[in-house]
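Following: one structure in structure tokens, then a few remarks.
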């Protein structure tokens, strides 16, 4: 932990030194205080010591002692090791996979916890954070192990990425490394390696190292209504598991007796003892050689195995044990054990809706509630600067179960405008755009381009031209062709298509809302030789009030420099707060204060296309505003902002 902590401290010190001369520019989260979270509290794992005297032959009294010791003293290491051994039963391991794999192996959705803009931004950040965790399915499976054991603890390894505090990794910790105190608080025991001096601190000496807040994911789902150390499903499976273990041993011993053929020799009563011994030796060798030589007075008979009664008893007991464990884990045996005739298959499938499915959904809800409390909440708190120093509502994470996947919309439904762009993206497993990017707009297929040419001439509406237009619109939809170039291409290739139709087609495929005043209006035809130069004002000046084409807000330009435009949103809740966009994005997105003069169709199309962006740029907070008498420190602000993400807002005093 030493080297990593020093590096983080040096980086934080440099950031603080660079930022200190600036007044009014808010700083990111206190990285110096968060540096201690970068290391690992749990030492590297070591091989589990197999205790031969205890695990060689387990009696029922041994199992009772292990469970009672865990409940009374909180020393759960032996109980946790017993659960690892129980998982070696093939049937129980399969049941565990049936219960947990539909959650750990499935995709998930992250929905905003509120309706504000920062809630939506927090949901997107959390979705990105969760998907960046290495080997996330293994982590989820380790957290869900608490369903069977009663508890699970995993360590979060926080790291600093620029201005972000990010979970670099999450270490999976085995349950035998923990103990619990009388208040059911987990301690990192690790076989006594973390126990301190009892004279100095008896609690730590007996229990181990307490778990720091915001450093561990602690999951205690309480499947059995009891304390965490005795609430796992395996508590209900201990007796059938132990009985099955004994039955297998007895069944194998009985199979050796009842399964092999037996040879019996008959001799006269007056046969001397040496001859009897010779016959006995020959019978023992008969199984190996298959031949023997005996006197004519000696008779040998081979008895076929027929004593099956004892073996069937053990087999029936094994089946009872398997059924008991199945009911404890899944709720019913009909879900997995279909009869030889298949007659109860329909009953098993219908009963799954009342046994397996509710259990899986309950486990999923409990899992994401724990992750929201122990991982998502501290992640948002550490990066609260991104949300204007306001804590957003916790996003809601849910498992996307296979049976809940939405049916794919048909081509006919898309053609009639019954599907939005976000619904199509969700169908293909892509993240939604949201209303701000036009995700709630009605989706259209490129193949439907012919219906989007109301003013096209018969020649332009030929199959070849329709396909060409479809290719252009597909390129716009796939972000391979800029909307401006698409509008000009359509106008040049299809002269009979009006300006309004060309802009509408491109607008639908680019999924960007255009203000009504920007849509081309019928105008007098201009000479065909009118140049393609745009007549829109593209360079903002200090003091001008531009209009945001997406939300209609009035934006007053405060300063222009360094390739950026600094402005105040006059319609925002806090009009004193300043924002920063790049000059290019500001000119493309905003409407200048003066309307442009009438222009040719080509010029109008180019101007409209200037408002269409390939990707809507994200806003960034820049400064609370520098004093009017002194120039704003552009270079210093840029140096601080360079460590932040491009789309990161920073709070203001």
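Panel order for 390, 84, by other beta carbons found within 10 Å of each beta carbon, from fewest to most: 390, 84. Note on residue 45/residue 262: beta-carbon distance plugged into 1/(1 + (r/R0)^6) with R0 of 51 Å gives a FRET efficiency of 0.45. If you plug the beta carbon distance of residue 275 and residue 313 into 1/(1 + (r/R0)^6) with R0 = 45 Å, you get a FRET efficiency near 0.65.
In this calculation the C-beta distance from residue 283 to residue 248 is compared with R0 = 30 Å, giving a FRET efficiency of 0.50. When each of the peptides 101-108, 375-382 is scored by the mean number of other C-beta atoms lying within 10 Å of its residues, the order from highest to lowest reads 375-382, 101-108. Exposure proxy for 276, 580, 425, 441: other Cβ atoms within 10 Å of each Cβ, ordered fewest to most, give 276, 425, 441, 580. Placing a pseudo-label 7 Å from each Cα along the Cα-to-Cβ vector at residue 213 and residue 471 gives an inter-label distance of 6.3 nm. By the count of other C-beta atoms within 10 Å, a proxy for reagent exposure, 87, 151 are ordered fewest to most as 87, 151.
Since every read-out is calculated from the coordinates, none of them should be taken as a lab result. This structure is a prediction, so every number in the text was calculated from the model and none was measured. All Cβ positions, glycine included, derive from the backbone under ideal geometry; neighbour counts span all protein chains shown.
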